[in-house]
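I have placed the structure first, in the form of structure tokens, so that the comments after it can refer back to it.
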Amino acid sequence: MTGSQGQELDLNGFIIVFTSNISKEDYKKRISPELRSRFDYKCMFTLLGNEDKMKYVEFRANSIARKLNPNAGGGGTSDAADER
């Protein structure tokens, strides 16, 4: 690949993620065949439902709580060990 300033770039071993808000129906209309032929893998994501959102919020909240209080999960040191 050639960069904007004319330098050659070796992109072997890189993963490039292309995202858009184009619907499945508009994909072929809006993305040229030349660009589409360069994609090795295409996938569509569905919107998260309320249950999935709540699971994510709970997971993140628990993760933050563990960082703020590492002893709460039983994986930390005891007070007796700290006094030694």
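Where the second residue is at pLDDT below 95 and charged (D, E, K, R) and the first is within 26 Å of Lys24 (Cβ to Cβ) and lies in the range 41-65, which pairs have Cβ atoms under 9 Å and are six or more apart or on separate chains?
Listed by first residue and then by second, the contacts come to Lys42/Arg36; Met44/Lys24.
Tyr27 versus (1) in a loop (DSSP other than H, G, I, E, B); (2) surrounded by 10 or more Cβ atoms within 10 Å (Cβ to Cβ): which is the lone unmet condition?
Here Tyr27 meets the rest and fails (1).
Of the residues in the range 40-52, how many are among the hydrophobic types (A, V, I, L, M, F, W, C) and at pLDDT 85 or above? Before the answer, list the steps.
If we filter the range 40-52 for residues that are among the hydrophobic types (A, V, I, L, M, F, W, C), which is where we start, we get 43-45, 47-48.
When the remaining residues are screened for being at pLDDT 85 or above, the result is 47-48.
So the count comes out to 2.
Determine the pairs where a residue that is modelled with pLDDT of 85 or more, located within the range 1-30, has a partner that is of a type in the set (S, T, N, Q) and outside any helix (DSSP H, G or I) with Cβ atoms under 9 Å apart, the partner being 6 or more residues away or on another chain.
Pairs that qualify, where the first residue is modelled with pLDDT of 85 or more and the partner is of a type in the set (S, T, N, Q) and outside any helix (DSSP H, G or I), are Glu8/Thr2; Leu9/Thr2; Tyr27/Ser20; Arg30/Ser20.
Exactly one of these conditions fails for Leu35: (1) of a type in the set (A, V, I, L, M); (2) more than 22 Å from Met1 (Cβ to Cβ); (3) assigned to a helix (DSSP H, G or I). Give me its number.
It fails just one condition, (2).
With (1) modelled with pLDDT of 90 or more; (2) loosely packed, with under 10 Cβ neighbours inside 10 Å; (3) of a type outside the set (D, E, K, R) as the list, and Tyr56 as the residue in question, which single condition is left unmet?
Tyr56 satisfies all of (1) modelled with pLDDT of 90 or more; (2) loosely packed, with under 10 Cβ neighbours inside 10 Å; (3) of a type outside the set (D, E, K, R) except (2).
The values are calculated or read from the model by the stated rules, or taken from the named source; none is laboratory data. Only a predicted model underlies this, so the values are computations on that prediction, with no experimental measurement involved. In this analysis, Cβ positions are derived from the backbone assuming ideal geometry, glycine residues included, and neighbour counts consider all displayed protein chains.
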